[in-house]
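The values are calculated or read from the model by the stated rules, or taken from the named source; none is laboratory data. Source: prediction; values computed, not measured. So basically every Cβ, Gly included, is an ideal-geometry build from the backbone, and we count neighbours across all protein chains shown. Areas reflect the complete protein model, heavy atoms only, side chains present, ligands, DNA and RNA absent. Shrake-Rupley method; radii C 1.70, N 1.55, O 1.52, S 1.80 Å.
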Amino acid sequence: MKLDSLPRVHLAEFPTPVHYLETLTKAYKGPAIYMKRDDLTSLGMGGNKTRKLEFLIGEALKQGADTLVTTGGIQSNHCRLTAAAARKAGFDCHLVLNGTPPKIPNGNLLLDIILGAKVHYCDRKDRDKRLFQVSDQLSEAGKNPYVIPVGGSNSIGSVGYVNAMLELNSQLDDMGVTLDAIIFATSSGGTQAGLTLGAKITGFKGDVLGISIDQTKIGSNPFPPVLTQIANATAERIGSDIRITESDCSLNCDYLGAGYAVPGELEFNAIKDLCLYEGILLGPVYTARAMGGFLDLIKKGCFTKHHTVLFWHTGGTPELFAWADQLREVFK
Ligand SMILES: *Cc1c(COP(=O)(O)O)cnc(C)c1O
């Protein structure tokens, strides 16, 4: 595999820890629950995009770029981490954010501003057009922009999660732990594509189950073909002969709630449980929805005390501050 020879910049300390969540495990009387702490990647308040950005920025440097341009929602963790990574790697950063700027910026948006990113606001429907407009304007101004897609989810970013699966595999060996399942939040697909490919490469026998935040299996834009496309382009990039089919992609779309970035009871209860039992913070948009789904699957008996499950914490804790109004009601 060519994985070790791909361009990469160092953004954070790896491996991230794996913790056994003893109190939560006891409280739920179900599977032994472990957590992979990608919320603790040591850059700009952490999260899964760090692993992708190591390879994306490696590629940007190789191409001689000087400015990173990317896009997402106004509370995007990906955009916040791109802003932080840009600083560390010596790039300027432009963010195209869909949403209305609040009177007082908070959460990830506040961090984008503190990190010195140039923010361009737009409507959701104009997002992709604006992304390339901003990039063209930078080129015309003599800059050399590098455009990173939503969530950093392409065959370059996804390499970070193939690597993460190799990392986890060696940690599990050292700990003598065998998992029945890995569970995580999935949205733009790069994380799931990388983990699924990594699982096949390492011979991992358990389920690699993405809890969908906003994607569906069917409809006008079904998610499984997105996953296989990214995973197989990634396999090609790292020089692996392994290929992923849709049946390799394990996806649960039962917890979409009221939509993207609209947390409800499921998410708030998950935040509560992880705070009260473990002192661990989840973000309302991604990790609380995925954890809420996982805890519901335990309650439904899908995972029992005969199982061992690892929840991959993908970060997003700065989102908490953007939901202060609702959280203050939930926790009073
Ligand atoms: C982006 C993100 C995800 C989803 O990862 P994808 O690779 O986009 O599927 C999960 N959790 C958090 C906190 C994120 O920011």
Item checked: Solvent-accessible surface (1.4 angstrom probe) belonging to residue 22, in square angstrom, nearest 10 -> 90
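What FRET efficiency would be calculated for the residue pair residue 5, residue 173, taking the C-beta separation as r and a Förster radius of 35 Å, to the nearest 0.05? Kindly include the intermediate steps, with their values, before the conclusion.
Details: r = 24 Å, r/R0 = 0.69.
Given R0 = 35 Å and the Cβ-Cβ separation, E is 0.90.
Using unit Cβ charges (K, R positive; D, E negative) and no other charged atoms, how large, in debye to the nearest 20, is the dipole of segment 165-298 about its Cα centre?
My answer is approximately 300 debye.
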Notebook entry, point to check: Roughly what would the spin-label model give for residue 256 and residue 300, points 7 Å off Cα along C-beta, in nm?
Noted result: 1.5
Check: Using a cut-off of 29 Å between alpha-carbon atoms, which lysines can reach residue 29, once sequence neighbours fewer than 8 places away in the same chain are excluded?
Finding: 205, 272, 299, 300, 305, 332
Notebook entry, point to check: Using 1/(1 + (r/R0)^6) with R0 = 41 angstrom and r between the beta carbons of residue 63 and residue 326, what's the FRET efficiency to the nearest 0.05?
Noted result: 0.45
Item checked: Residue-normalised accessible area of segment 49-151, given per residue in Å² at a 1.4 Å probe -> 42
Checklist line | Label zone at residue 221, where the point sits 7 Å out along the Cα-to-Cβ direction: segment 93-127 residues whose backbone N lies under 18 Å | finding: 96-100, 122-127
Checklist line | Lys, Arg +1 and Asp, Glu -1 on Cβ, resulting dipole of the chain about Cα centre, debye, nearest 20 | finding: 240
Check: Any idea which of 24, 255, 226 is furthest toward the positive side of the dipole for the chain, if Lys and Arg beta-carbons carry +1 and Asp and Glu beta-carbons -1?
Finding: 255
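By accessible area of protein heavy atoms, probe 1.4 Å, what ranking do 10, 19, 306, 120 get, highest first? Each step should come with its number before you reach the end.
On the way: 10 115, 19 70, 306 145, 120 30 Å².
Final ranking, largest accessible area leading: 306, 10, 19, 120.
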Note to self: Given the whole protein assembly as supplied and a 1.4 Å probe, what does the accessible area of residue 74 come to in Å², nearest 10?
What the structure shows: 40
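At a 1.4 Å probe radius, carbon and sulfur cover how many percent of the accessible area of the chain?
Working: 7160 of 13890 Å².
Result for the chain: 52 percent of the exposed heavy-atom area is carbon or sulfur.
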Item checked: lysines whose Cα lies under 24 Å from that of residue 103, excluding same-chain neighbours fewer than 8 positions away -> 118, 125
Next item on the list: First check a/c for segment 73-131, with a ≥ b ≥ c the square roots of the eigenvalues of its C-alpha gyration tensor; if it is under 1.5, answer rounded, and if not, answer prolate when a/b is larger than b/c or oblate otherwise.
Entry: oblate
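Tell me, what is the FRET efficiency for residue 123 and residue 207 to the nearest 0.05, using R0 = 30 angstrom and their Cβ-Cβ distance as r? Please report the intermediate quantities before stating the final value.
On the way: r = 38 Å, r/R0 = 1.27.
Efficiency at R0 = 30 Å is approximately 0.20.
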Next item on the list: Can you pull the one-decimal nm distance between simple spin-label points at residue 140 and residue 166, each 7 Å off the Cα toward Cβ?
Entry: 4.3
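How do 123, 214 rank by accessible surface area computed with a 1.4 Å probe, from largest to smallest?
Numbers: 123 90, 214 60 Å².
Output order, biggest surface exposure first: 123, 214.
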Check: Shape of segment 157-310 from its Cα gyration tensor (a ≥ b ≥ c, root eigenvalues): rounded if a/c is under 1.5, otherwise prolate when a/b > b/c, or oblate?
Finding: oblate
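For the chain, just say rounded, prolate or oblate: build the C-alpha gyration tensor, square-root its eigenvalues into a ≥ b ≥ c, call rounded for a/c under 1.5, and beyond that prolate if a/b exceeds b/c, oblate if not. Working shown, then result.
Details: a/c = 1.70, a/b = 1.23, b/c = 1.38.
Oblate.
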Check: So how strong a dipole does segment 16-136 carry about its Cα centre when Lys and Arg Cβ are +1 and Asp and Glu Cβ are -1, to the nearest 20 debye?
Finding: 340
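Could you order 11, 110 by accessible surface area, starting with the largest, using a probe radius of 1.4 Å?
110, 11
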Item checked: Solvent-accessible surface (1.4 angstrom probe) belonging to residue 202, in square angstrom, nearest 10 -> 40
